[in-house]
Amino acid sequence: MATKLSDEALDQLFRKARTQSAWLAKPVDDALLREIYDLAKMGPTSANMCPLRVVFVKSTSAKERLKPALDAGNVEKTMSAPVTAIIGMDIHFYEKLPKLFPHADAKAWFKDRPENELEHMALRNSSLQGAYFMLAARALGLDCGPMSGFNNAKVDAEFFAGTTVKSNFLCNLGHGDSTKLFPRNPRLDFDEACRIE
Ligand SMILES: Cc1cc2nc3c(=O)[nH]c(=O)nc-3n(C[C@H](O)[C@H](O)[C@H](O)COP(=O)(O)O)c2cc1C
């Protein structure tokens, strides 16, 4: 039976974790990137469709290819981050369903649906997987800096040309320099955002 995580773990995942924009000069091993994915992939998606596809932009040359797509305010934080993950989504996720959902012909449920419906499903589920990804990174001791301020079409042309994958959002990864943080903004209280019926 599952037990509640320690306060220390909850602080690390949620209460003390911040969106980071400045990075310490501490590298991130490729093995850790694999660990993030191997945790994140276990989170649930509709019909186990797993539309998330990730490009870890790490080399200087790959960062230079990403740079022209970034909004001005996101350039410095991205170029200085040890890694930038392109959180992508395969609009034709159904091609993998024979592996991912083998006990039914799930591919048939989706393959003739209009592209805009497929994209809607891929966006919902890859966004969930992107959130699992960030929590996995935090659980493994990394900081995240998610960003939607970029030109998706440019990223898609540069990193996903000739495929059915599109970018969803970007996420810088590394060890954040907490001395550069602004004070935390408030969140909505339970009664402002929720009700129990
Ligand atoms: C999907 C997404 C897109 C975001 N886009 C940007 C962005 O383009 N540039 C930026 O500086 N911050 C961006 N942010 C960061 C948010 O402003 C930040 O996560 C939020 O204010 C909470 O900050 P905190 O985690 O430090 O409390 C984005 C966050 C998310 C989740």
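Worth a mention:
- The range 1-67 versus the range 147-197: alpha-carbon centroid distance in Å: 12 Å
- Computed P(r) (all Cα pairs; the range 1-95; 10 Å bins; percent): 12, 33, 36, 17, 2
- Straightening the chain between CYS194 and SER127 buys 22.0 nm, computed as 0.36 nm per residue apart minus the Cα-Cα spacing.
- For the chain, modelled as a GNM whose springs connect Cα atoms under 10 angstrom apart, the maximal fluctuation among ALA104, ALA25, ALA17 occurs at ALA104.
- Accessible-area value, THR179, 1.4 Å probe, nucleic acids and ligands omitted, Å²: 120 Å²
- Viscosity 0.890 mPa s, temperature 25 °C, Stokes-Einstein D of the range 128-197 from Kirkwood C-alpha radius, µm²/s: 161 µm²/s
- Computed from the Cβ-Cβ distance with R0 of 25 Å, the FRET efficiency linking THR163 to SER46 stands at 0.75.
- Spin-label pair ALA153-LEU39: with each label point 7 Å from Cα along the Cα-Cβ axis, the two points sit 3.8 nm from one another.
- Annotation for ASP11 and GLU76: the two label points, set 7 Å from Cα along the Cα-Cβ direction, are 3.0 nm apart.
- The sum of -39500 (n - 2.57) across all DSSP H runs of n ≥ 4, divided by the residue count of the chain, sets its helix-only mean residue ellipticity at 222 nm to -11000 deg cm²/dmol.
- The figure for SER127 is an accessible area of roughly 50 square angstrom, using a 1.4 Å probe on the protein chains alone.
- Legend: calculated FRET efficiency, LEU32 to ARG113, from the Cβ-Cβ distance at R0 = 41 Å, rounded to 0.05, equals 0.65.
- Assigned charges on the beta-carbon of Lys, Arg, Asp, Glu; the range 1-151 dipole about Cα centre (debye): 140 debye
- Under 23 Å, Cα to Cα: Lys pairs in the range 1-83, sequence gap 8 or more or different chains: 13
- Accessible heavy-atom area order of SER59, SER148, highest first, probe of 1.4 Å: SER148, SER59
- Candidates per trypsin sites (Lys or Arg not before Pro) in the range 68-151, loop by DSSP, up to 13 other Cβ within 10 Å: LYS111
- Accessible area per residue for the chain, computed on protein heavy atoms with a 1.4 Å probe, is 60 Å².
- Accessible-area composition of the chain, carbon plus sulfur, in percent [1.4 Å probe]: 55 percent
- Accessible area of ILE196 in the full protein assembly, 1.4 Å probe (Å², nearest 10): 150 Å²
- Cα-based equivalent ellipsoid, the chain: semi-axes from gyration tensor eigenvalues, Å: 28, 24, 17
- Dipole axis of the chain (+1 Lys, Arg; -1 Asp, Glu on Cβ), positive-most option in CYS194, GLN20, ALA62: ALA62
The values are calculated or read from the model by the stated rules, or taken from the named source; none is laboratory data. What you are looking at is a predicted structure, and each value in this text was computed from that prediction instead of being measured. As a convention, Cβ positions derive from the backbone with ideal geometry for all residues, glycine included, and neighbour counts pool all protein chains shown. With ligands, DNA and RNA removed, areas are computed over all heavy atoms of the protein, side chains included. Shrake-Rupley method; radii C 1.70, N 1.55, O 1.52, S 1.80 Å.
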